[in-house]
Amino acid sequence: MTGIQWAAQAMHAAQERLDIATGNLANASSDAFQRLRARGSIDRNGVHIRAVADARAGALRPTGRPFDLAVRGGTLQVRDARGAIARVENARFTRDRFGALRDSRGRVLVDAAQHPLRVPPGARFYSDGTLRIGARLCGRVGIAASATLDVGFAMTANVDAISEMVDVLAAQRSFEGAQRVITRIEATRKKATDEVAQLQ
């Protein structure tokens with residue numbers, strides 16, 4: 001690769017890094033958003049950036065709503081209208097007229113056997129994932145035994161706005177640095193071309 005090609009690759013990598021950081025910033029207030037980390041590599045074809053999800057859980061924010069559920073060390077299972085199962089760490093559920101809990105996308109909360117979990121009036125969730133009315137067991141969400149269910153909490157994004165701003169500035173500086181390299185290479189080429197022309 002030529003010097004200009006290397007610099008162009010560096011500019012592209014800096015732009016990808018900038019896109020990742022600004023995407024994280026844009027979702028900093030989205031519940032349960034997992035930030036993406038920019039991971040770089042270099043080979044004979046240039047510089048490459050890939051986005052890797054940061055699996056660390058965000059902080060818990062109290063909501064006081066009995067069907068706002070967050071899981072530490074595991075996930076909840078929800079099923080959509082087509083029967084597809086998805087795993088989520090956090091969801092704000094609403095109880096429908098049949099007693100099922102549905103999230104904002106209409107997906108229903110299921111138990112360990114992937115059957116819709118029915119919530120009778122007066123029932124409440126506990127940190128072990130059980131659903132009870134007093135001492136009577138009504139059901140259990142499908143979470144691992146080692147997981148903890150936080151009731152009345154929402155999980156915030158695991159984004160640190162200050163570190164993301166630092167990444168934005170660093171990516172901009174990298175882009176500008178690569179631009180200067182291209183400008184200098186072009187200036188050197190032009191100078192060499194002019195000098196050759198003068199010798200002829």
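Find the residue count for the range 10-50, including only residues that are buried (at least 18 other Cβ atoms within 10 Å of the Cβ), among the polar types (S, T, N, Q) and in a helix (DSSP H, G or I).
Counting residues in the range 10-50 that are buried (at least 18 other Cβ atoms within 10 Å of the Cβ), among the polar types (S, T, N, Q) and in a helix (DSSP H, G or I) gives 1.
State yes or no: is ARG140 within 11 Å of GLN77 (Cα to Cα) and crowded, with 17+ Cβ neighbours inside 10 Å?
no
For the range 161-181, state whether one or more residues are out of contact with any helix residue (DSSP H, G or I) (no Cβ under 6 Å at 6 or more places or on another chain) and aromatic (Phe, Trp, Tyr).
no
Take the residues in the range 146-172 that are more than 19 Å from ARG72 (Cβ to Cβ) and among the aliphatic types (A, V, I, L, M); name whichever of them is surrounded by the most Cβ atoms within 10 Å (Cβ to Cβ).
ALA171
Being out of contact with any Ser or Thr (no Cβ under 7 Å at 6 or more places or on another chain), surrounded by fewer than 19 Cβ atoms within 10 Å (Cβ to Cβ), in a loop (DSSP other than H, G, I, E, B) and not assigned by TED's automatic domain parsing to the domain that holds SER30: is that true of SER127 here?
Judged against the criteria, SER127 is not a match.
Within the range 130-153, which residues are outside any loop (DSSP other than H, G, I, E, B), within 19 Å of ALA84 (Cβ to Cβ) and either touching a Phe, Trp or Tyr at 6+ places or on another chain (Cβ under 6 Å) or at pLDDT below 90 (or both)?
none
Taking into account only those residues within the range 51-78 that are among the charged types (D, E, K, R) and either assigned by TED's automatic domain parsing to the domain that holds ALA161 or surrounded by fewer than 18 Cβ atoms within 10 Å (Cβ to Cβ) (or both), which is farthest from ARG140 (Cα to Cα)?
ASP54
Restricting the search to the range 51-73, which residues are of a type in the set (A, V, I, L, M) and assigned to a strand (DSSP E or B)?
Of everything in the range 51-73, those that are of a type in the set (A, V, I, L, M) and assigned to a strand (DSSP E or B) turn out to be ALA51, VAL52, ALA53, LEU60, LEU69, ALA70, VAL71.
Each row is one residue, and each column tells you yes or no for (1) surrounded by fewer than 17 Cβ atoms within 10 Å (Cβ to Cβ); (2) polar (S, T, N, Q).
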{"site": "VAL88", "(1), (2)": "no, no"}
{"site": "PHE93", "(1), (2)": "no, no"}
{"site": "ARG107", "(1), (2)": "no, no"}
{"site": "GLN114", "(1), (2)": "yes, yes"}
{"site": "ALA123", "(1), (2)": "no, no"}
{"site": "ILE133", "(1), (2)": "yes, no"}
{"site": "SER174", "(1), (2)": "no, yes"}
{"site": "ARG184", "(1), (2)": "yes, no"}
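Between a first residue in the range 74-95 that is in a loop (DSSP other than H, G, I, E, B) and modelled with pLDDT of 90 or more and a second residue that is surrounded by 16 or more Cβ atoms within 10 Å (Cβ to Cβ) and basic (Lys, Arg), which pairs have beta carbons less than 8 Å apart while being 6 or more apart in sequence or on different chains?
ASP80/ARG107; PHE93/ARG102
Could you tell me how many of the residues in the range 149-176 are free of Cβ contacts under 8 Å to residues at least 60 places away in the same chain and farther than 23 Å from SER29 by Cα?
2
The values are calculated or read from the model by the stated rules, or taken from the named source; none is laboratory data. All values reported here derive from a predicted model rather than from experimental measurement. We place every Cβ from the backbone using ideal geometry, glycine too, and count neighbours over all the protein chains shown.
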